[in-house]
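Taking it in order: structure first as structure tokens, then the write-up.
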Amino acid sequence: MNKLNEYAVIGKKTTKTDAVAKVTGGARFATDIYLPNMLWAKVLRSPVPHARILRIDTEKAKKLDGVKAVLTAADVPEARYGALVLDMGMFARGKVRYIGEAVAAVAAVNEEIALAALKLIEVAYEPLPAVFDPLEAIKPGAPILHEDLKSYKTLFERTDKAMTGNVNYQAEITSGDLEAGFAQSDYIFEDSYEVPKQHPSYMEPNSTVALVDSDGRLVIHNTTQRPHINQAILSSLLGIPIAKIRVVPCHVGGGFGGKNRTLTEPTAAALALKTRQPVRLTFSHEEEFTSATTRHSGVMVMKTGVKKDGTLVASDVKLYYDCGAYAPTPNAVWLGAISSSGAYRIPHCRVEAYSIYTNKMMGGAFRGYGAPQSNFARESQMDRIARELKIDPIELRLKNCLVEGDSLHTGQKLHSVKVKETLLKARELSGWGKGRVPANRTLGVACGIFACGGFATSGIVRLNMDGTATVATGAMDMGQGLRTVMGQIAAEELGMAAEDVTVIIGDTDSTPFDVGIFGDRGTHTAGMAVQMAAQDARKQLVEQAAFAFKTTPNNIVLGGGKARLASDPDKVLDYKDLLGGGQYKKGGPIIGKASINLTETAFDPAIVRGAASRMFSTYTFATHIVEIEVDPKTGVVRVPKTYAVHDCGTVVNPDGLRGQIIGGLATGLGYALYEGVAFENGQVQNPSFLECRPPTAVDMPEIVFDTVEEFDEKGPFGAKGVGNVSVINMAPAIANAVETATGVRVTSLPITPGKIVQGLGQLAKEEA
Amino acid sequence: MIPLPKFRYVEPTTLAEAAAILAAEGEDCQILGGGTDLVPSMRQGIFAPKTVLSLQAIDGLGRLEWSESDGLSIGAGVTLRRLETDATLRKLFPMLAQAVSEVASPSIRHMATLGGNLCLDTRCYYYNQSEDWKACSDLCLKVGGEFCKASPGGKAKKCFAVFSADVVPALIALKAQVTLVAKEGERTLDLAAFYSGDGARPNALKPGEILTGVVVPADRVGIKGSYLKYRIRQTIDYPIAGVALALRFGASGVVSEARLVLGGVASKPVLVKGIAELLEGQTLDRARIERAAQLARKAAIPQANTAGQRAHRKQMIHEFTTRAFEDLAREAR
């Protein structure tokens, strides 16, 4: 049940806590930190896609005046890290596997000397055959990137195909009887789709300032989505106890999943430990585009069996995701497999999902996290089915969409499923089928599902003597507004005004553990821990009030920063009077806490093999309808309007929700029309914002927002997430609209004007 | 991006002084207009001048003057924003204002100057990269390598880096003249002749010369013009195909003058040959427009050194040429 009307803070307009600091330029980012005696670090990177390292000579670099340390793999512990596959060390060891891989690092008194020192490091390479295409990389005889793959530590249940050849992570989902399903089908559609790598395009580059403090502890100031995991990784890579490491993140200049990893921290830390001076390592924008992580490129092969009436019967999906030379987060492949059946009920399913090494830059986490790829395939094919069967695309989706109580192809039973309502509302808003759209515009639809929430988190709520509260969460705010939302949740639970709650985030010394912000965990999961901690504090506060009023706790009502008697509402005590008393305070200070894990049920091994997680807390859904204009002569596509209807549970912060959706649609629009990392022999050809082309404000559509009323029992006040699902529908919706407008089906991203015009047969053959 | 390399900054107040410095410093000196192209290029390591000579304190380079005898005189230091918003220019040469407004983004146009746009270096995937990036494979011709890597087959001994200034095709369509000043004196030439077609040395500036401005002749008033630009996004991006068309119509819709210039599809702005012969003395009809579009398409030689498919960029030239003619024909009616 949604109780939005009864809330004082939840669902109400609340200004973001960091709005003033960001707008006035006062917010401190990692690159704003300059410390006395700070050294500048630079990284020497591989110029070749695949080679054995015969020799590294750092002597000349070490002798350069102003150079304080030079490190290579030989100088650091031989430890590897990764989310599921522990395959990457701080520096290349024995081999380099992509252009841009870290080979050595220098710390010097200034940036110029650090750069000059890099040029003095001599590395002898013996080139090896390289492979750049994931489908080539899984063929017998392909060059192997990681010869000792089988011996690597992994954190998932290995399938037979996992950790062999160039396949690292692998998952299989089988439900129902696939052969029988295809036998029952009247039509079978088989299509292949291809997507490029997309860079997260956060404006702030990766940056760390590392230092050793006067107690000998390692301190890290950085830009990250996961301080506590940074801390754990640094501990494992450097052999230092977790308690001897403090990660203090700064404001994050955009993350979008791209900062759900650990890249600059270990190198800066190792150099700081070596030199005992503060060390700053900031990536150049070129390094961001060659040596950070992107959305996985890949090929999706989708075979779907359908009844004449449009009922989906069987689905056989193969996902070949290119993770590049290392697999820091192949979880994207797992999430791609989960989203690959779309928001649909398909009784007979098989999914085989592969994370494949190639000699290219790494694939990692990025908003949408594996689903933009598979949902592009699913939702493109849904429109093809609708067209062939002469069924309205929305009717086809309504006929097959998941409803409350259905199970996903993974066997997970779903609750809070309102995808049907998002389809109906988007249809109504857009005037679909009503002829309301201007003659030069065409509509296209896509809907989608994304896993929401889960994994370990915790929260602490302290009530202060003056009646205010301090909330601590290890979850990060990377601009999405997490601090504001956590404050709203605690304020609502404690009966306080939002401004009386201060939220501390990130600092591993003052916040409790959280696994990192990804997969729509922020509001839903970290928020749940904060709510439960606030409930704990509230319970103690009620007990204090009952003692003060000499009554029983059930006779106490909290609200507006005051406690009152239910039996005599004129009897009132301010929180500050209840919480004051200093050293003589009855029962001591009030601290509420909660530690939770919303991902505790394992998948059934008869259905899922190679699961990268346990069952997710819940799922979010959305329907997007785009209104596009296509110029049939030039193939140029514009998207003047988009209708975005989300099933995101209770809306905690309406402006925050809109902001998240705008950002998600921007990323989706860029993926659909403009972006894509281009490679030539493994080298990134377009390592800049100018050439990778995330959309600008001018390219953005007018957005009509709406939500469907929903209450998710597992989220705080019924809230779910919106960050990922807002990304995954734009590309297929635009591709679908393009086909309706022009008759051209584009099966690879981005949907360039050239592909459309070529499809229309307007490119002269000799020129193509 | 690297820290800006160290350089000596000079800001002379007269052209003579500037020319003297340039003559003394030679190739080690780079001229700074608004810096929107030079500074990022220096930070990428493409240029490392010992001296950066700013033109901003020189009187007269900020001139924007119209006279019925001498035409429109624009100093090299005039910002694109000023050109785009100048009432006289907008009234007399709307195509020029249109082309200027298509450059980059408003914030860049506030800084960028006409001189900078005219002297814009050619661009290429293989050239506009850092030193480290370039070191990963053979160097390209423009930076001392043997072949142009963007050329068909990658074996050409000529540099095919692409010319991508928006303002230039419009100015050439308007028969603008450019003035170059050196210690020894000044010379004036047709802007069309200023561009070499060699991506490695895209313009005719000799060592020691400074581009001081352009003049659009007074008799160009009354010309109808259209500039159409193709880029991936709706702002910021360089043109990957551009068409500037200038037409004068005589009595009963007969074309008395026609000039068509392409941008973003070769190493120089391409003045399409045969357009005047095809159209002057004729009325515009569908067949003639199609023939003109075919001439334009043939004259475009896009290479795989920037965004977009080559074939599609040729198609864009064809389509934009058609549209530019149709727009002007409509206007003339």
Q: List the trypsin sites (Lys or Arg not before Pro) within region A:167-276 that fall in a DSSP loop (any state other than H, G, I, E or B) and whose Cβ has at most 15 other Cβ atoms within 10 Å.
A: A:Arg217, A:Arg276
Q) For region B:223-332, what is the charge dipole size about the Cα centre, in debye to the nearest 20, if Lys and Arg each add +1 at the Cβ and Asp and Glu each add -1 at the Cβ? A) 380
**Q.** Prolate/oblate/rounded call for region A:176-253, Cα gyration tensor, a/c under 1.5 rounded
**A.** prolate
Q | Relative contact order [Cα under 8 Å, 6+ residues apart], chain B, whole percent | A | 16
Q: Please name whichever of A:Ile662, A:His221, A:Leu273 sits farthest to the positive end of the charge dipole of chain A, dipole taken about the Cα centre and charges placed at Cβ: Lys and Arg +1, Asp and Glu -1.
A: A:Leu273
Q.
Quick check of the Kirkwood formula: for region A:328-403, what is the inverse mean of 1/r over all pairs of different Cα atoms, in Å?
A. 13.8
**Q.** Charge dipole (debye, nearest 20) of chain B; +1 at Cβ of Lys and Arg, -1 at Cβ of Asp and Glu
**A.** 1120
Q. So how much slack lies between A:Asp392 and A:Ala74, counting 0.36 nm per residue of separation and subtracting their Cα-Cα distance, in nm?
A. 108.2 nm
Q) For chain A, rounded, prolate or oblate, judged on the Cα gyration tensor with a ≥ b ≥ c (square roots of eigenvalues), a/c < 1.5 rounded, else prolate if a/b > b/c? A) oblate
Q. By DSSP, what percent of the beta bridges with both residues in the protein assembly as shown are antiparallel, rounded to the nearest 5?
A. 80
Q: Starting from the amide H of A:Lys571, placed 1.01 Å from N in the peptide plane, find each other amide H under 5 Å away whose residue is 5 or more places distant or on another chain.
A: A:Leu565
Q: Over region B:223-332, give the accessible area per residue in Å² for a 1.4 Å probe, as an integer.
A: 36
Q | Magnitude of the charge dipole, the protein assembly as shown, Cβ model with Lys/Arg +1 and Asp/Glu -1, debye to 20 | A | 440
Q. Within chain B, what is the longest stretch that has no GluC sites (Glu not before Pro) placed in a DSSP loop and near at most 13 other beta-carbon atoms within 10 Å?
A. B:185-333
Q | Potential lengthening between A:Asp604 and A:Asp655 on full extension [0.36 nm per residue; Cα-Cα distance subtracted] | A | 14.4 nm
Q: Rounded, prolate or oblate: pick one for region B:1-59, where a ≥ b ≥ c are the square roots of the eigenvalues of its C-alpha gyration tensor, a/c under 1.5 means rounded, and failing that, prolate if a/b is larger than b/c, else oblate.
A: prolate
Q) For A:Val572 and B:Arg233, FRET efficiency with R0 = 60 Å and r from the beta-carbon atoms, rounded to 0.05? A) 0.50
Q) Taking H as built 1.01 Å from N, whose amide H comes closer than 5 Å to the amide H of A:Asp712, not counting residues under 5 places away? A) A:Thr650, A:Gly718, A:Ala719
(Q) Using a probe radius of 1.4 Å on heavy atoms only, what accessible surface per residue do you get for chain A? Whole Å² is fine. (A) 35
Q | DSSP-assigned coil residues among GluC sites (Glu not before Pro) in region A:135-189, each with at most 13 further Cβ atoms within 10 Å | A | A:Glu147
Q. Residues of region B:1-59: accessible area per residue at 1.4 Å, in Å²?
A. 50
Q) Over all residues in A:370-378, what is the mean tally of Cβ atoms on other chains that come within 10 Å of each residue's Cβ? A) 0
**Q.** Pairwise burial A:B, computed as accessible area of each alone minus the pair, summed, 1.4 Å, Å²
**A.** 3200
Q.
Whole-Hz ³J(HN,Hα) for each residue in region A:455-472, computed from phi via Karplus 6.51 cos²θ - 1.76 cosθ + 1.60 with θ = phi - 60°, x for glycine and proline: what do you get?
A. 6, 6, 7, 7, x, 10, 10, 10, 9, 9, 4, 8, x, 9, 10, 10, 9, 10
Q.
Bins of 10 Å, beginning at zero and ending with the bin holding the largest distance: percent of Cα pairs per bin for region A:192-339, please.
A. 11, 33, 26, 15, 9, 5, 1, 0
Q | For residues of B:304-317, the mean tally of beta carbons on other chains within 10 Å | A | 6
Q) Given a Förster radius of 35 Å and the C-beta distance between B:Ala218 and B:Arg286 as r, what FRET efficiency does 1/(1 + (r/R0)^6) yield to the nearest 0.05? A) 0.55
**Q.** 11 Å beta-carbon shell around A:Gly479, net charge (K/R +1, D/E -1)
**A.** +1
(Q) Among A:Leu54, A:Thr72, A:Thr31, whose Cα projects farthest towards the positive end of the dipole of region A:24-90, with charges put on the beta-carbon of Lys, Arg (+1) and Asp, Glu (-1)? (A) A:Leu54
Q. Between A:Asn37 and B:Ala24, what is the spin-label point distance in nm, taking each point 7 Å from the Cα along the Cα→C-beta axis?
A. 4.5
Q) Roughly speaking, what is the stretch gain from A:Phe547 to A:Ile504, that is 0.36 nm per residue apart minus the C-alpha to C-alpha distance, in nm to one decimal? A) 12.4 nm
Q) So, in Å, what gap is there between the alpha-carbon centers of region A:444-470 and region A:545-603? A) 22
Q. In sequence order, what are the phi-derived ³J(HN,Hα) couplings for region B:256-271 according to the Karplus relation 6.51 cos²θ - 1.76 cosθ + 1.60 with θ = phi - 60°, rounded to whole Hz, with x for glycine and proline?
A. 9, 8, 8, 9, 10, 10, 10, x, x, 10, 6, 7, 8, x, 9, 7
Q: Tell me which residues come under 5 Å, amide H to amide H, from A:Gly298 once H is placed; ignore anything under 5 positions away on its chain.
A: A:Val195, A:Asp322
Q. Nearest 0.05, what FRET efficiency do B:Leu4 and A:Lys307 give at R0 = 60 Å with Cβ-Cβ as r?
A. 0.35
Q) Which whole number gives the average, over all residues in B:125-134, of C-beta atoms from other chains lying within 10 Å of the residue C-beta? A) 5
Q: Be a star and scan region B:185-204 for residues whose amide nitrogen sits under 16 Å from the point 7 Å along the Cα-to-Cβ vector of B:Phe47.
A: B:200-204
**Q.** Positions from region A:280-307 whose accessible area shrinks by 20 Å² or more when the full protein complex is built, not the chain alone, probe 1.4 Å
**A.** A:Ser284, A:Glu286
Q | Straight-distance crosslink candidates among lysines, where the alpha carbon sits under 27 Å from A:Lys153 and sequence neighbours closer than 8 are dropped | A | A:Lys95, A:Lys139, A:Lys161, A:Lys197, A:Lys244, A:Lys259, A:Lys318, A:Lys360
Q: Give the angle, between 0 and 90 degrees and rounded to the nearest 10, that separates the Cα long axis of helix B:15-25 from the longest principal axis of the Cα atoms of chain B.
A: 60
**Q.** Hz values of 3J(HN,Hα) by residue in region A:623-638 - Karplus curve (6.51, -1.76, 1.60), Gly and Pro given as x
**A.** 10, 10, 10, 9, 10, 10, 10, 10, 8, x, 8, 9, x, 6, 10, 10
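The values are calculated or read from the model by the stated rules, or taken from the named source; none is laboratory data. Just so it is clear, the model here is predicted, and its values are computed rather than measured. Ideal geometry is used to build each Cβ from the backbone, glycine not excepted, and the neighbour counts take in all protein chains shown. Each accessible area value is taken on the protein alone, full model and side chains, heavy atoms only, with ligands, DNA and RNA left out. Shrake-Rupley method; radii C 1.70, N 1.55, O 1.52, S 1.80 Å.
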